[in-house]
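The values are calculated or read from the model by the stated rules, or taken from the named source; none is laboratory data. Just so we're clear, the structure is a prediction, and the values are computed from it rather than from any experiment. Heads up, the Cβs are rebuilt from the backbone with ideal geometry, glycines too, and the neighbour counts pull from every protein chain shown.
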There are 4 protein chains.
Amino acid sequence: MIIILKSGVTDAQIKHVIERVESLGLRAHLSCGTHRTIIGVIGDKSQLQPARFQAIPGVADVISVLPSYKLASLDAHPEPSIVNVKGVKIGGGNLAMIAGPCAVESAERMDAIAKSVRASGANILRGGAFKPRTSPYAYQGMGEEGLKILRETGDKHGLPVVTEVMDPRRVEMVERYADMIQIGARNMQNFVLLTEVGSTKKPVLLKRGMSATIVDLLMSAEYILSQGNPDVVLCERGVKGFDPATRNLFDVAAVPACKVLSHLPIIVDPSHATGRPDLIGPCALAGVAAGADGVHIEVHNCPEEAMSDGPQALLPEQYQQLAGQIRALAALLGKTISPAAGCKS
Amino acid sequence: MIIILKSGVTDAQIKHVIERVESLGLRAHLSCGTHRTIIGVIGDKSQLQPARFQAIPGVADVISVLPSYKLASLDAHPEPSIVNVKGVKIGGGNLAMIAGPCAVESAERMDAIAKSVRASGANILRGGAFKPRTSPYAYQGMGEEGLKILRETGDKHGLPVVTEVMDPRRVEMVERYADMIQIGARNMQNFVLLTEVGSTKKPVLLKRGMSATIVDLLMSAEYILSQGNPDVVLCERGVKGFDPATRNLFDVAAVPACKVLSHLPIIVDPSHATGRPDLIGPCALAGVAAGADGVHIEVHNCPEEAMSDGPQALLPEQYQQLAGQIRALAALLGKTISPAAGCKS
Amino acid sequence: MIIILKSGVTDAQIKHVIERVESLGLRAHLSCGTHRTIIGVIGDKSQLQPARFQAIPGVADVISVLPSYKLASLDAHPEPSIVNVKGVKIGGGNLAMIAGPCAVESAERMDAIAKSVRASGANILRGGAFKPRTSPYAYQGMGEEGLKILRETGDKHGLPVVTEVMDPRRVEMVERYADMIQIGARNMQNFVLLTEVGSTKKPVLLKRGMSATIVDLLMSAEYILSQGNPDVVLCERGVKGFDPATRNLFDVAAVPACKVLSHLPIIVDPSHATGRPDLIGPCALAGVAAGADGVHIEVHNCPEEAMSDGPQALLPEQYQQLAGQIRALAALLGKTISPAAGCKS
Amino acid sequence: MIIILKSGVTDAQIKHVIERVESLGLRAHLSCGTHRTIIGVIGDKSQLQPARFQAIPGVADVISVLPSYKLASLDAHPEPSIVNVKGVKIGGGNLAMIAGPCAVESAERMDAIAKSVRASGANILRGGAFKPRTSPYAYQGMGEEGLKILRETGDKHGLPVVTEVMDPRRVEMVERYADMIQIGARNMQNFVLLTEVGSTKKPVLLKRGMSATIVDLLMSAEYILSQGNPDVVLCERGVKGFDPATRNLFDVAAVPACKVLSHLPIIVDPSHATGRPDLIGPCALAGVAAGADGVHIEVHNCPEEAMSDGPQALLPEQYQQLAGQIRALAALLGKTISPAAGCKS
């Protein structure tokens, strides 16, 4: 950690800063430049918290040279992690193909969509039973009934299932039905919920918040990892942007940027990132080309009747075509796509 | 609601759109321009959800001309609401002076800070017992012990108290101790938590999320109001910006922009908005000049020892000076500042 | 165009709006809803300027349903344009491989870089002679001497050359030396400069401004096109973002989003978009996968000695590897890469 | 300057970095921590350019501890500068009241507006003769004829005049007519234009670019100052934001943030910052409360007939009311408002 002192700092202030550093069991290393004095701080990682020093009189800035996350870092785990979702691998050269409707709406619809996306090559089924909606008057999801339908549909078609949890009181229930638990973008910094899913034994799909930096995302992953759950898959799903042309701004560079810092797999969600069916295909391919470990796409067989997010869903035939393009690209890049398990029905 | 059709829309598509509109009990009003055809949609508000129509083939765009929030709107309540926090009024010409440390750290420190801010003119005391921290390794707050200290300190100094809740399972506990419940920026779209505080009888201080639009903020207020709790105070605390000069970007225009749309009081939090003690004063005054109904400021008597956010706290003597400037400005603007209650000790 | 009136609009105000509409030779089409009154406005495109109507009393909003650009739109030119840069095609299935140093620094260095990038498959050479630098004290480029070196190097290696112009008084000079003229991001809304390059006969590479929407970009292209120069190539080079992890935020979705609106080719510049050599490769591939018509990459044989932007340049051997990956991806997507012309030396 | 080395840096790399530092006449000061090695670099300011060192192998990051601007910094000029526009003072406790239409449209209209704003207390008249318009088909201004009208109107009413220049070839012409030259937001990084106005003898009003940081703004001011023109007034006019509620995001904290770094006066432009007449007043007052040295407001006597930006103009009577509020606030804050000169007519 480096403490940069203000230009007019007094000797008494410098002395006080050094005393504060040493009082925490750290060592201070003074270095006087022509224009500025800096203090290098050395010692135990857990004590090196920049915020502690920023408020000391005479301090201009404090610069951390170590990442604040540990378990999520490449230092802790230099090889890419492979997360196993009931047999489907994500990461380390394995590409996940997650598809399904925004919300579980009925057993019949779920069955039809699952059948089609599996035939197109999807290996994980998604569907929301609890929906985070901006409006209290909008459709909020089927609840536990939706979880049951999702579970049965996944079992029937041999697809592991992923679904979102919003309430720490329902983590146990969702864990019972799902093979992978999703934390939505709006809850990426719901630390109570992160702590709760960190205590489960199911892999977690952690979506990046709309105004979260990559470091913020990794810190949220750290919350889960630090509870003992090692299976976190990150997801880039677009950040807040200024151009109304797209619903969010798809930050494709976040994919390789995360890989430089962390061993965790990262997938892309072009459905939420763009909010436009005509951009989902190009952005899905862009994500895979940039090194993503999976693609998460909303598919609906009748978007105009969808209870939520219909406008951004692909039709089954559109997904089929895109899935073929993704497979061709994955083959070029030497990626493997785990097959879905044998169909039970 | 207005549905704008694509330029090459077919007659069959137009017919289908109109059928969908009418199937929901709404009326369609067709209007053919030189370049574009539009359909005006008239009928029951609750059915007028744009997303339902955006996915219909031939539809280019759907424009809502009514706000999606109802209870929060000026239409529902044309006069500014006044929220009463144990005798301290906020809104409708009444200015709240909320001050205190980021976190409750000890009874002694809390007592000293409360004494000083009350002497300076603060009328509500703040202090966090549960802290949302980006890092799982950072200080997380004193928990219920902190709530007790806050309560006792407030009672001793005749100041109502506000504190944050992060966990829906602890809303009941926080409600027992606090006079006003705070929802932090990271939880502005934690709809589970909003619903829970909507069921309490305590006023809620709802902070704007870092990437939330003003409409998003009002929609979150609507979650609380729609549960039966009418006492919501909005808070502008900075949105995500691109300039590292400030921690967030203080959107002072949000204050008058909210007042055009809603009857709810709105206060400003220049501490979090700027993250810099040297900018808190100017931004606090800017907020009041723009029409804010209160100012929320972090004050600490030893920022360098603060367990969290020390660098952005004002010293008691800095707060005293600023409070004087705020009072002078409030007087110029004709605002009233409710006195704190008589000191019990 | 649709004029939405305020909820409490009076009959006199409605009458006045209609009079204003008709006074401009347009027709008004009144439509009264339960909650809102709207006026459809029909007539000559050039009169349909929303800003003219927004200030009329009683008007809540004015919505344009036609794009403000004409020549750049797909309506005007439904097939993708192919821009020919001295034999190298860009657009309509043809991929440009633009490479070279940020700045022309010397004939020797330029020669070495040109030789290597051509061997790796580049088909257009870049190099700046006039550099837009944030600081007046930073290196500003070699000026005309740099243009001469660039020209001679391009001729020697059979590569067309592209270089930036910043000053309308130097457009003629740059046109004399260059095969393609670049407008930098900071000048995307320098309308004087756009008008000037619109009068040349050379293709223009128009970079997207850091806070420009896609519509803003197309409007700037329209400035050039409306002067009679039909050869504009757009370039996505990252927009302003909030995450310091990357220099800018690479908006890869802008590539397919532009193609939905315009016939103009669009390329990507991952060097400026990310500012990090380790992200250039993944983002270049992402751009091509998303449908870009070319890739613009900075290459330097000794980044640490570069006069500007060294940190974001690839080494020649890194470019060679990436160019191979781009070619493989282009082949998969059925794209053609125009060969550079025969080497003259 | 501090060079932070990568965690796995080799001794040979460290040696090479130190050699590079010393080859530029600078001194290197090595400091080895537990986890990271850093090198402090000391020496002549002009050689301390971080970009030069970022590309050296083994370097993780380079941190500048000195501002890159010199003449604009408080170090160079510890007292606030006072810019004198033909007798009207801006800065150092003096508040400018700049008002007028977006564009000069006719002598009659200009005369009427000038008369009314002067009566309301404005002390500088604004009006554009060359308009930067997003669309090539929109009104582009009256040109030199507009400059003449502006000059004559200013003389008649005893108001100095400010107007925008967009073209370096017209700086001389604009200088002849205007008392203060405006650089618009879109040209804040048009370095050619900045250099040109730096050579004039007229004060410059430099508007902040839509995605410019405060440091970028000061660097652009430095371009002007370094040419020998000491009279620069900065202007905060809103940056790009994500909320469509306002045209731009008014960054009021930029006012005090600039004052911490620079001696240059800074004014606010709530007209462009918000784009909404109903928010101009509150934001103007917010700017003054935050310490702004002036307020720039667009006023038009018939907004619905304005050739540009009508919707964001105040009516003369609205300006009159606001000017009174600004004066009351200025009095409270101890600010002086220079009177306009004696009326010549």
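Residue count for segment A:96-117 satisfying the condition of being touching a helix residue (DSSP H, G or I) at 6+ places or on another chain (Cβ under 7 Å) and not in a helix (DSSP H, G or I): 5. Of all the residues that make up segment C:93-148, how many are modelled with pLDDT under 95 and more than 27 Å from D:TYR223 (Cα to Cα)? Residues in segment C:93-148 being modelled with pLDDT under 95 and more than 27 Å from D:TYR223 (Cα to Cα): 0 in total.
Scoring D:HIS263 on the criteria (1) within 14 Å of chain C (Cβ to nearest Cβ); (2) surrounded by fewer than 24 Cβ atoms within 10 Å (Cβ to Cβ) leaves a single failure, condition (1).
Is at least one residue of segment C:120-135 at negative phi, assigned by TED's automatic domain parsing to the domain that holds C:HIS296, in contact (Cβ under 8 Å) with a residue 40 or more places away in the chain and part of a helix (DSSP H, G or I)? Checked segment C:120-135: at least one residue is at negative phi, assigned by TED's automatic domain parsing to the domain that holds C:HIS296, in contact (Cβ under 8 Å) with a residue 40 or more places away in the chain and part of a helix (DSSP H, G or I). Given (1) surrounded by 23 or more Cβ atoms within 10 Å (Cβ to Cβ); (2) within 14 Å of another protein chain (Cβ to nearest Cβ); (3) over 18 Å from the mean Cα position of the chain (by Cα), identify the lone condition not met by D:ALA122. Going through the list (1) surrounded by 23 or more Cβ atoms within 10 Å (Cβ to Cβ); (2) within 14 Å of another protein chain (Cβ to nearest Cβ); (3) over 18 Å from the mean Cα position of the chain (by Cα), D:ALA122 breaks only (2). Where strands (runs of 3 or more DSSP E) sit wholly within segment C:31-95, those with at least 2 residues that are more than 27 Å from the chain's Cα centre (by Cα) occupy C:37-42, C:59-63. Each residue in segment C:206-221 was checked for being touching a Ser or Thr at 6+ places or on another chain (Cβ under 7 Å) and buried (at least 23 other Cβ atoms within 10 Å of the Cβ), and 5 of them qualify.
Within segment C:90-117, the residues that satisfy the criterion of being touching a Gly at 6+ places or on another chain (Cβ under 9 Å), surrounded by fewer than 24 Cβ atoms within 10 Å (Cβ to Cβ) and at negative phi are C:ASN94, C:GLU105. Would it be correct to say that B:GLY291 is in a loop (DSSP other than H, G, I, E, B), of a type in the set (Gly, Ala, Ser) and either surrounded by 24 or more Cβ atoms within 10 Å (Cβ to Cβ) or on the phi > 0 side of the Ramachandran plot (or both)? For B:GLY291, the condition - in a loop (DSSP other than H, G, I, E, B), of a type in the set (Gly, Ala, Ser) and either surrounded by 24 or more Cβ atoms within 10 Å (Cβ to Cβ) or on the phi > 0 side of the Ramachandran plot (or both) - is met.
Candidates in segment B:58-89 are the residues that are of a type in the set (A, V, I, L, M, F, W, C) and over 20 Å from C:ILE4 (Cα atoms); of these, the one that is surrounded by the most Cβ atoms within 10 Å (Cβ to Cβ) is B:ALA72. When segment A:149-193 is filtered for residues that are under 22 Å from A:TYR223 (Cβ atoms), part of a loop (DSSP other than H, G, I, E, B) and of a type outside the set (D, E, K, R), the ones remaining, listed by number, are A:VAL165, A:MET166, A:ALA178, A:GLY184, A:MET188, A:GLN189, A:ASN190. Only one of the numbered conditions (1) within 11 Å of chain B (Cβ to nearest Cβ); (2) in contact with a strand residue (DSSP E or B) (Cβ under 6 Å, 6 or more places away or on another chain); (3) not in a helix (DSSP H, G or I) is violated by A:LEU205, and that is (1).
Let's see how each residue does on (1) of a type in the set (Ser, Thr, Tyr); (2) in contact with a strand residue (DSSP E or B) (Cβ under 6 Å, 6 or more places away or on another chain); (3) not assigned by TED's automatic domain parsing to the domain that holds C:TYR139:
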residue: C:ALA257; (1), (2), (3): no, no, no
residue: C:GLY287; (1), (2), (3): no, yes, no
residue: C:GLY291; (1), (2), (3): no, no, no
residue: C:VAL299; (1), (2), (3): no, yes, no
residue: C:CYS302; (1), (2), (3): no, no, no
residue: C:ALA323; (1), (2), (3): no, no, no
residue: C:LEU329; (1), (2), (3): no, no, no
residue: C:PRO339; (1), (2), (3): no, no, yes
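Quickly run through segment C:271-288 and pick out the residues that are closer than 19 Å to C:GLY184 by Cβ, facing another protein chain (nearest Cβ under 9 Å) and surrounded by fewer than 24 Cβ atoms within 10 Å (Cβ to Cβ). Selection gives nothing.
Residues in segment A:210-219 that are at the interface with chain B (Cβ under 8 Å from one of its Cβ atoms) and within 12 Å of the chain's Cα centre (by Cα): A:MET210, A:ASP216, A:MET219. Restricting attention to segment B:19-57 and to residues that are of a type in the set (Ser, Thr, Tyr) and crowded, with 17+ Cβ neighbours inside 10 Å, the residue that is nearest to the other protein chains (Cβ to nearest Cβ) turns out to be B:SER31.
Yes/no matrix, rows are residues, columns are (1) assigned by TED's automatic domain parsing to the domain that holds C:VAL255; (2) more than 21 Å from D:ARG169 (Cα to Cα); (3) not β-branched (Val, Ile, Thr):
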residue	(1), (2), (3)
C:ASN187	yes, no, yes
C:PHE191	yes, no, yes
C:GLY209	yes, yes, yes
C:VAL215	yes, yes, no
C:MET219	yes, yes, yes
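Selection within segment A:136-148: residues that are surrounded by fewer than 22 Cβ atoms within 10 Å (Cβ to Cβ) and part of a helix (DSSP H, G or I). The member of this set that is farthest from the other protein chains (Cβ to nearest Cβ) is A:LYS148. For segment A:274-293, the count of residues that are modelled with pLDDT under 95 and in contact with a His (Cβ under 9 Å, 6 or more places away or on another chain) is zero. For segment D:232-256, filtering for residues that are small (Gly, Ala, Ser), within 7 Å of chain B (Cβ to nearest Cβ) and closer than 16 Å to B:LEU279 by Cβ leaves 1. For segment C:161-173, filtered to residues that are within 13 Å of chain D (Cβ to nearest Cβ) and of a type in the set (A, V, I, L, M), the residue that is surrounded by the most Cβ atoms within 10 Å (Cβ to Cβ) is C:VAL165. Residue pairs whose Cβ atoms lie under 6 Å apart, sitting 6 or more positions apart in sequence or on different chains, and linking a residue in segment A:62-74 that is within 9 Å of another protein chain (Cβ to nearest Cβ) to a partner that is in a loop (DSSP other than H, G, I, E, B) and hydroxyl-bearing (Ser, Thr, Tyr), are A:SER68/B:SER135.
Filtering segment B:241-279 to residues that are of a type outside the set (Phe, Trp, Tyr), farther than 19 Å from D:VAL288 by Cα, out of contact with any Pro (no Cβ under 6 Å at 6 or more places or on another chain) and in a loop (DSSP other than H, G, I, E, B) leaves B:GLY241, B:ASP243, B:PRO244, B:ALA245, B:THR246, B:ARG247, B:ASN248, B:LEU264, B:PRO265, B:GLY275, B:ARG276.
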